[in-house]
1. As an exercise, identify the trypsin sites (Lys or Arg not before Pro) in segment 4-87 lying in DSSP coil whose Cβ has no more than 16 other Cβ atoms within 10 Å.
2. Hey, got a sec? Which trypsin sites (Lys or Arg not before Pro) in segment 99-155 land in a DSSP loop and have at most 15 other Cβ atoms within 10 Å?
3. Please report the antiparallel percentage of the DSSP beta bridges confined to segment 102-230, to the nearest 5.
4. With a sphere of radius 10 Å drawn around the Cβ of residue 146, what net charge do the other residues whose Cβ falls strictly inside it have (Lys, Arg +1; Asp, Glu -1)?
5. Let me see the pair-distance distribution of segment 176-215: every alpha carbon pair, 10 Å bin width, integer percents in order.
6. Output the antiparallel fraction of DSSP beta bridges having both residues in the chain, as a percent to the nearest 5.
7. Please return the longest stretch of the chain lacking exposed loop sites, where GluC sites (Glu not before Pro) count only if DSSP places them in a loop and at most 14 other Cβ atoms lie within 10 Å.
8. For the pairs 94/169; 85/154; 51/224; 127/181, note any where the Cα-Cα span goes beyond 31 Å.
Amino acid sequence: YLIDSIVYDVPDTAIMSILNDNMEERLINTGERFEQDNFTNERERIDLLLKDEGYYDFSRQYIDFATDTSYRSPERKVAVMISIKDPAKRGYHKKFRIDSVTFTTDVGKRVPNADRQTRTYHDIQYKYYVDNYNLKVLSQRVRQRPEDLYSRTKTINTQRQLGNIEAFKFININYDTSGGKFIANIFTSPLTRHEWTNEVGVNVTQGFPGPFYIISFKRRNVFKSMETFD
């Protein structure tokens with residue numbers, strides 16, 4: 001069977017406009033053979049595309065495909081309809097714009113009789129007990145800013161960028177939609193400043209085997225700008 005025609009049933013004109021602007025990336029096209037995997041991948045593509053355009057609570061469950069092989073059955077042709085339904089409760093798909101970005105650098109840490117300090121740098125609100133990090137360096141790796149539309153790709157890139165500096169045990173980013181605000185929360189837990197490692201073994205070569213012992217020392221964030229001394 002070959003795909004003969006593709007039509008869209010999308011009541012939301014804003015979403016239809018996004019689909020039209022990215023039509024060259026569509027994975028289902030007329031004249032091609034019918035392949036079920038292409039429909040699965042197209043649903044995934046649309047879902048990720050809209051989540052990069054601010055549709056934070058969009059879900060692939062809103063995407064439906066209908067096929068019809070009967071109208072030109074002797075010629076083995078397939079007509080395809082791509083539908084994107086509106087949510088039942090709200091009645092439309094909402095774009096989410098970030099109101100504020102909060103970055104807590106030392107989740108899990110407790111300091112008796114003390115509250116976390118708060119400082120705003122480059123439109124990001126930082127919270128910490130001890131000022132251990134260069135906020136300029138951290139801010140360069142955070143891709144979200146107030147007034148930006150939600151983007152799944154920017155969220156993943158922020159996690160990756162913060163992970164690359166080898167300063168945190170974990171990086172978690174979530175979004176708070178309560179209280180009528182859309183807040184990006186970044187939570188990190190620091191790795192220890194000092195680390196010792198030991199390794200013992202035997203080298204086996206064509207000559208005589210030889211034992212070895214390696215000891216290494218690492219100090220993180222030497223000058224508070226994410227430097228590592230090995």
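The values are calculated or read from the model by the stated rules, or taken from the named source; none is laboratory data. Source: prediction; values computed, not measured. A quick note on method: Cβ atoms are made from the backbone with ideal geometry, for glycine too, and the neighbour counts reach across all protein chains shown. Ligands, DNA and RNA are excluded from the accessible area calculation, which covers all protein heavy atoms including side chains. Shrake-Rupley method; radii C 1.70, N 1.55, O 1.52, S 1.80 Å.
1. Loop-located and lightly packed - 26, 72, 76, 85.
2. Details: sites: 109, 110, 116, 119, 127, 136, 141, 143, 152, 154; in loops: 109, 110, 116, 143.
When the trypsin sites (Lys or Arg not before Pro) of segment 99-155 are filtered for loop state and at most 15 Cβ neighbours within 10 Å, 109, 110, 116 remain.
3. Details: 25 of 31 bridges.
About 80 percent, rounded to the nearest 5.
4. Numbers: positive: 97, 145; negative: 99, 123, 147, 148.
It works out to a net charge of -2.
5. Here the calculated profile for segment 176-215 is 19, 20, 15, 14, 13, 12, 7, 1.
6. Working: 33 of 49 bridges.
Here the antiparallel bridges make up roughly 65 percent for the chain.
7. Details: sites that count: 32, 35, 147, 166, 227.
In short, 36-146.
8. Details: 94/169 34 Å; 85/154 26 Å; 51/224 35 Å; 127/181 19 Å.
Where the Cα-Cα span goes over 31 Å, the pairs concerned are 94/169; 51/224.
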